[in-house]
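Q: Take this structure first; my questions come after.
Each value in this text was obtained by applying a stated rule to the coordinates, not by laboratory testing. Note that the structure is predicted; figures quoted are calculated from it, not measured. Here the Cβ positions follow ideal geometry from the backbone for every residue, glycine too, while neighbour counts run over all protein chains shown.
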Amino acid sequence: PALIAGVNRARLQAFATREGRRFAQSRPVTRKALEKGAKTYLDGVPMHWMRDWPMPFPMLVAEAKGARLTDLDGYGIDDFCLGDTGSMFGHSPAPVAKAIRKQARNGLTYMLPTEAALKAGRLLTERFGDFRWQIATTATDANRFALRVARAVTGRPKVLVFNGCYHGTVDDAMVELHGGQTRTRPGLVGQVTDLSTLAVSCEFNDLAGVEAALKSGDVAAILTEPVMTNSCMVLPAPGFHDGLRRLATQYGALLIIDETHTISSGLGGYTGVHGLDPDLFVVGKCVAGGMPTAVWGLRPKVAEAFRAYDAARPSGHSGMGTTLSANPMQFACLVANLSEVMTAENYARMEKGAARLHAGLAAVIEKHKAPWHVVRVGARVEFICAPGPLKNGAEAAAAHVHEVEAALHTGLLNRGCLIAPFHNMMLVSPVTRKRQIDRLIGAFDEILTELFA
Ligand code: PMP
């Protein structure tokens, strides 16, 4: 077809080529440094997702301050990716940086708690509710451990996840719905187990599908984000979360809420703002202000059931925990972040900025009559290159238009704005300035003017 996401294909092609060339030509220092230094890495990047950026070669970061990066060639860039949420509160928030400096003189890891650990526990409960907490290093790990507990206390094998979900590199969640059947995602590297024996996939917002899956009696837990944020953003239909809670209870499954991205919603995450009632709660990425930390918590009655299970199991490797987790640096950062950064005032700033961004992008889309839309959950904004709203993961997958997105991302970067690479996600931190938001809206308008002329 001549049109892709409403854009003339030839025009898109020309734009993509021009923007790719512009990025490469304007970064001689970066290019030279990569040519000299990247060879020791597999495929030239230290973590293979870094190949998924759409630019001809990665940007090398020289400095990060507030919501702004400077690259090796000296370009200042407004950062709306913010480490894909790890730096949602801005780069090196001052209280966190101060806590790091102080702890840096006092050991980095002991495999023993500190007094700050006790304070962090109190703060976690204050922020997120009455859970029995555990500290992990990544949200992936936190989800894995939460799932292990759910299987342990229910004695059931499967996790129910939603088509198009992402919960980190948790093997069990790497399934998709294909012709009504759950199957292992075909792209999963080196996978040797048929994951449909461990997981069942349903469509988001489909309570009848969830009930049918739960009826089989083999589901230990529903693992879900409150809003699907990892494909194109899909909001829950009214009553969906109440339905999940009711069905989980009715069929004896536990409800695990993964707030790793929806922590953008406001104080206490989506759970806090909308009054969800999970059995297990997970949040990672920005919870300690960017220091690699994740937390997971069990409701007291789940904790009690687990305690009984734990006391009866043969001693030995539990499959939970990692050596460097719950280290003193994490606690120092957790305390600083929870008490001084993840505050109502900061969330109010983020909300205000994100609303401005949402309205600005929506107006540009309207102006150019693009068949696109914008969605937002608190500080997290996403434009989607298809009409909306989207109902589920299948629709979200169909709404992805990689060629358009890749060209747009490079085009935005050439205009000084960085957004997340995997889809069109933008975060507004408490230190993101109004003028940065307006620059992004302006850049978006300039690009759509070219694409939709
Ligand atoms: N849960 C959700 C909802 C996520 O979006 C992600 C990462 N994008 C994770 C878990 C995993 O986080 P990490 O890669 O830090 O382990």
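Q: Would you please give the FRET efficiency between THR193 and ASP52, computed as 1/(1 + (r/R0)^6) with r the Cβ-Cβ distance and R0 = 25 Å, to the nearest 0.05?
A: My answer for the efficiency is 0.50.
Q: Please sort 122-135, 29-42 by packing, taking for each peptide the average over its residues of neighbouring beta carbons within 10 angstrom, highest first.
A: Taking the mean over residues of other Cβ atoms within 10 Å, the ranking is 122-135, 29-42.
Q: Based on DSSP H runs of at least 4 residues, each adding -39500 (n - 2.57), what is the mean residue ellipticity at 222 nm of the chain after dividing by all its residues, to the nearest 500 deg cm²/dmol?
A: -12500 deg cm²/dmol
Q: Along the Cα→Cβ direction, 7 angstrom out, place labels at ALA359 and ALA344. What is the inter-label distance in nm?
A: 2.4
Q: If we count other beta carbons within 10 Å of each Cβ, what is the order of ASP78, ASP71, ASP438, fewest first?
A: In order of increasing Cβ crowding within 10 Å: ASP438, ASP71, ASP78.
Q: Under the 0.36 nm per residue contour assumption, what length would be gained going from the current alpha-carbon distance of ASP310 and LYS36 to full extension?
A: Length gained between ASP310 and LYS36: 93.4 nm.
Q: Which order do the peptides 221-227, 238-244 take when ranked by the mean count of other beta-carbon atoms within 10 Å per residue, highest first?
A: Highest-to-lowest ranking by the protection proxy: 221-227, 238-244.
Q: Taking the 0 to 90 degree range and rounding to the nearest ten, how far is the long axis of helix 240-250 tilted relative to the main principal axis of the chain, both from C-alpha atoms?
A: It works out to around 20 degrees.
Q: What full-extension length gain, to one decimal in nm, is calculated for VAL29 and LYS367 as 0.36 nm per residue of separation minus the Cα-Cα distance?
A: Contour length minus Cα-Cα distance gives 117.9 nm.
Q: Could the peptides 170-179, 330-339 be put in order, highest first, of the mean number of other beta-carbon atoms found within 10 Å of their residues?
A: Sorting 170-179, 330-339 by mean packing, highest first, produces 330-339, 170-179.
Q: Using only Cα atoms, tell me the angle between helix 139-154 and the longest principal axis of the chain; keep it within 0 to 90° and round to the nearest 10.
A: 30
Q: Around ALA33, with a cut-off of 14 angstrom between Cβ atoms, what is the net charge of the other residues, counting Lys and Arg +1 and Asp and Glu -1?
A: The answer is +2.
Q: Roughly how tilted is helix 434-451, in degrees to the nearest 10 and between 0 and 90, from the longest Cα axis of the chain?
A: That works out to roughly 60 degrees.
Q: Moving on to the next point. Which whole-number percent gives the relative contact order of the chain, counting Cα pairs below 8 Å spaced six or more residues apart?
A: 24
Q: When the Cα centres of region 415-437 and region 352-401 are compared, how far apart do they sit, in Å?
A: Answer, in whole Å: 14.
Q: About the Cα centre of region 94-341, what is the dipole size in debye to 20, counting +1 per Lys and Arg Cβ and -1 per Asp and Glu Cβ, all else neutral?
A: Dipole about the Cα centre, nearest 20: 740 debye.
Q: Next question, about the same structure. Could you tell me how far the Cα centroid of region 86-114 sits from the Cα centroid of region 187-252, in Å?
A: 36
Q: Let me ask another. Report, in whole Å, the centroid distance computed from the Cα atoms of region 46-68 and region 253-309.
A: 29
Q: Rounded to the nearest 20 Debye, what is the dipole magnitude of the chain about its Cα centre when Lys and Arg each give +1 and Asp and Glu each give -1 at the C-beta?
A: The dipole of the chain has a size of about 960 debye.
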